[in-house]
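Before any comments, here is the structure.
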Amino acid sequence: MQRPLAASLLTALALALALTGCADPAPAPHTTPATTPTGLTAVSGSSTTVHVMWEAATDDRAVTGYEILQDGRKVKDLPAPHLMTDVTGLAPGTRHAFAVRARDAAGNTSPPTAAVPATTRRATAEDREPPTAPRALRAAPAGATAATLTWTAARDDRRVTAYDVYQAGVRIHTAPGDTTTARLTGLRPGTAYSFTLRARDAADNSSPDSPPAELTTATAPGAPPNTSPRDLAATSAHGEVTLTWTPPETGGPVTHYQFHIDGRFATTIVWGADPPTGRATYTFSAQAKPGTTYTLTLRARLPDGTWGDFSAPRTVVVR
């Protein structure tokens, strides 16, 4: 016997409500903000700029960016993992207060750091003379993720106002002009680095690079030993670039090296049955006009078939 239509509708409605009640609840919105960044510094290196740096915040999901505040007003947004920036276009001889707050993927922002003051340099007459290059740059590891740099001060006809630290051609830190030491953080464990230093004056004239300083950070607990090629050197002449290096200790002969130019894979260098055990040499034709600068790195293929650690980078100017 056919049931009445009204009864059928009531049964279907009850079933739908029951199924809805069994469904997983919608996830709760993410409202927990990231931690406040730490280690904020603000250094004026010229009459119109202030260099702001900080250490990374943490979040239970992910930090996606940072907001830079000048005198309580947001003036810049930066994506993570950037931990430094220049605030430009400031008036000479003016004092400002800078702070930073972190932002996560849900748009939550952390409390801002305590404000740090910085005063731009006073405007001076036209200055085109750069400082001399800093000398005697030294780098020492400070655990697995930090390093300390020391150097001999540069000279300028007026005054050195800042020192810029570069790694593989990219500025990663700025120190005040009245110091000869800097602490670098956020490095990777068991990794080879090569740093150079430039002095800068109030007119933003930069010195030539210092000679490089190298280090390998300590490995993380339980991590395997560093496997990067050692003492990489690069020279250029007649449109060719020649690399030399010492093979890493891998427990077996190294027959393959992966070669990168400016952070991009270029080629695999392959030896036959008797790869070099002392200094290795490789020459390639530079596909760029004279004056072009390359940043070069190598890594070896290990006996288990995986690729090892990258060498410290080397820069070379094509000639």
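Values in this text are rule-based calculations from the coordinates and carry no lab data. Note that the structure is a prediction, hence the values are computed from the model and not measured. Reconstructed Cβ throughout: ideal geometry from the backbone, glycine too, with neighbour counts over all protein chains shown.
For the range 38-119, the relative contact order works out to 34 percent when only alpha carbon pairs closer than 8 Å and six or more residues apart are counted. At a Förster radius of 35 Å, what calculated FRET efficiency corresponds to the Cβ-Cβ distance of Thr109 and Thr181, to the nearest 0.05? According to the calculation, E is roughly 0.55. Counting only alpha carbon atoms, the long axis of helix 5-22 and the longest principal axis of the chain meet at about 30°.
Values (i) 23.5; (ii) 21.0; (iii) 24.1 are given for comparison; Kirkwood radius over Cα pairs in Å, derived from the coordinates here, is the one labelled (i). Counting other Cβ atoms within 10 Å as a rough exposure proxy, the listed residues Phe310, Phe265, Phe284 run Phe265, Phe284, Phe310 from fewest neighbours to most. In this rough spin-label picture, where each label sits 7 Å from Cα along the Cβ direction, the Ala62-Ala136 distance is 4.6 nm.
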